[in-house]
Ligand code: PLP
């Protein structure tokens, strides 16, 4: 694996950043994870736009242009000789001890690239099992809402909670108990043919896959409601699924031990999964 750090390639063992790097000291940075299908980085412009948005919120200046970043990503992909891959780019605020942002902070850029290993097709045929986190509550007023920062502790704890119960993932809630998202995914339900998902104003990450799925649903004439909902609505749903860059559209069969729609794979989920898989080929 070749890793690019501030424009230079290093092998995995030689790739190192300073212990004074603020990403290490404070989780002070932003990142994006992208999927490469047959040599093409999917939704690259959307990922770069979200990266800039995240950076702007945390007051981190990215001096590189989108074209420069794209070049670096493609070079990393080529150096690793991969066609189906996951690319991860992160910008940390550079070296600095102390929270003060004044002075010469030089953000550093790291690009990782690895082969993409698909999830078992069985997950897509049968659906996965998720829990609702009891530990992780995301506050609707948090300054970090909608930011893909390198501080992923709540997400790590939620995922760990799921792992401890043998579930695929855990959904997080806000302080009023409204469902937000998965640890690294967005969450949807379908009730009487209507596609329902939490609105962005709840502070969820504006998932690129979420946006594309909403667009595909709209184009297919599926009614959409972006609205807040509580677990009770999930238990009455006909279908449920998760979305993200790696899993695409992943059916959910069980939520908190309750089987959705008698465990049957839903038609809307299947339609959107197929449409998404068609879209990535374009
Ligand atoms: N929500 C969270 C908290 C995430 O970390 C992610 C992806 O990492 C998503 C949603 C889904 O985003 P995307 O579809 O852009 O991968």
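No value in this document is a laboratory result; all are computed from the given coordinates. The structure presented is a predicted model; accordingly, all values stated were derived computationally and were not measured. Positions of Cβ are backbone-derived with ideal geometry, glycine not excepted, and every protein chain shown enters the neighbour counts.
Below are the figures for this structure:
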| read-out | value |
| --- | --- |
| Wholly enclosed strands (runs of 3 or more DSSP E) of the range 217-277 bearing at least 1 residues surrounded by fewer than 16 Cβ atoms within 10 Å (Cβ to Cβ) | 224-226 |
| Candidate set: the range 201-216, residues that are part of a helix (DSSP H, G or I) and farther than 24 Å from residue 277 by Cα; chosen: the one farthest from the ligand (Cβ to nearest atom) | 201 |
| Sole residue being assigned to a strand (DSSP E or B) and either more than 14 Å from the ligand (Cβ to nearest atom) or closer than 26 Å to residue 58 by Cα (or both), chosen from 159, 135, 125, 176 | 135 |
| Subset of the range 16-51 [assigned to a helix (DSSP H, G or I) and away from the ligand (no atom under 14 Å from the Cβ)] | 22, 23, 24, 25, 26 |
